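The block underneath contains the structure these notes are about, expressed in structure tokens.
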Amino acid sequence: MATAPITSPLPDDAQQIVGAVLQDSLADFVDLSLTAKQWHWNVVGRNFREAHLHLDELVELARTYSDEVAERAATIGVSPDGRTETVAKSSGLQKTEEGWRDVEDVNEAVVETLARLIERMRERIEATDEPDPVTQDLLIAQTAKLEEAHWMWQAKTA
């Protein structure tokens with residue numbers, strides 16, 4: 001397609017900055033949803049059921065947030081890219097191991113993953129302050145819920 005079918009409410013330079021932030025967020029959220037589902041399928045051990053169900057809540061959160069950032073990108077005229085090859089090369093989250101994972105190991109991995117994601121989201125909040133407060137508001141709301149999830153996962157092992 002020669003020209004973009006969606007015009008942006010943002011100036012070109014702001015659109016580029018915000019588009020990159022949203023694309024990075026999309027990659028992280030898609031990665032989180034897939035990783036959490038991998039843990040969900042492979043978690044074993046004491047308190048399995050609770051961990052299994054709690055992981056599904058994390059998957060749902062990540063899927064919701066991936067949709068929100070992708071739709072925000074489209075709204076500002078940036079085509080979101082959630083293809084597996086894009087996510088694999090651009091996600092900033094740590095890789096997960098294959099195979100069975102003990103509940104305690106999964107809890108620790110979730111806490112570490114959420115901490116990394118929150119750190120990245122706070123950088124994105126800062127990066128969107130000037131070019132697009134609307135996107136910044138979205139990222140702030142998402143980060144608040146991620147921080148709540150981080151607290152809850154930490155409380156499980158306290």
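Among (1) touching a residue at least 12 places away in the same chain (Cβ under 8 Å); (2) surrounded by fewer than 20 Cβ atoms within 10 Å (Cβ to Cβ), there is one condition Val87 misses while meeting the rest; what is its number? The one condition Val87 does not meet is (2). For segment 28-50, the tally of residues that are surrounded by 14 or more Cβ atoms within 10 Å (Cβ to Cβ) and modelled with pLDDT under 95 stands at 0. Exactly one residue out of Glu71, Glu85, Glu97 is over 12 Å from the mean Cα position of the chain (by Cα), acidic (Asp, Glu) and under 19 Å from Lys145 (Cβ atoms): that is Glu71.
Per the listing Leu10, Leu22, the residue uniquely within 30 Å of Asn107 (Cα to Cα) and either of a type in the set (A, V, I, L, M) or in contact with a strand residue (DSSP E or B) (Cβ under 6 Å, 6 or more places away or on another chain) (or both) is Leu22. For segment 57-68, does any single residue satisfy the condition of being under 21 Å from Ala27 (Cβ atoms), crowded, with 20+ Cβ neighbours inside 10 Å and of a type in the set (Ser, Thr, Tyr)? For segment 57-68, residues under 21 Å from Ala27 (Cβ atoms), crowded, with 20+ Cβ neighbours inside 10 Å and of a type in the set (Ser, Thr, Tyr): present.
A single entry from Ser79, Ser25 fulfils the requirement of being in contact with a helix residue (DSSP H, G or I) (Cβ under 8 Å, 6 or more places away or on another chain) and crowded, with 23+ Cβ neighbours inside 10 Å: Ser25. Scanning segment 31-50 turns up at least one residue that is among the hydroxyl-bearing types (Ser, Thr, Tyr) and either touching a strand residue (DSSP E or B) at 6+ places or on another chain (Cβ under 6 Å) or in a helix (DSSP H, G or I) (or both).
A search for C-beta distances below 7 Å between a residue of segment 55-76 that is touching a residue at least 12 places away in the same chain (Cβ under 8 Å) and any residue that is open to solvent by 50 Å² or more (accessible area, probe 1.4 Å) and assigned to a helix (DSSP H, G or I), counting only pairs 6+ apart in sequence or on different chains, returns Leu61/Lys145. Suppose we filter segment 2-22 for residues that are in contact with a Pro (Cβ under 7 Å, 6 or more places away or on another chain) and open to solvent by 40 Å² or more (accessible area, probe 1.4 Å); how many remain? Number of matching residues: 1.
The values are calculated or read from the model by the stated rules, or taken from the named source; none is laboratory data. Note that this is a predicted model, so its numbers are computed, not measured. Counting neighbours? That spans all protein chains shown, and the Cβs are built from the backbone with ideal geometry, glycine included. Heads up: the accessible areas ignore ligands, DNA and RNA and are worked out on the full protein's heavy atoms, side chains in. Shrake-Rupley method; radii C 1.70, N 1.55, O 1.52, S 1.80 Å.
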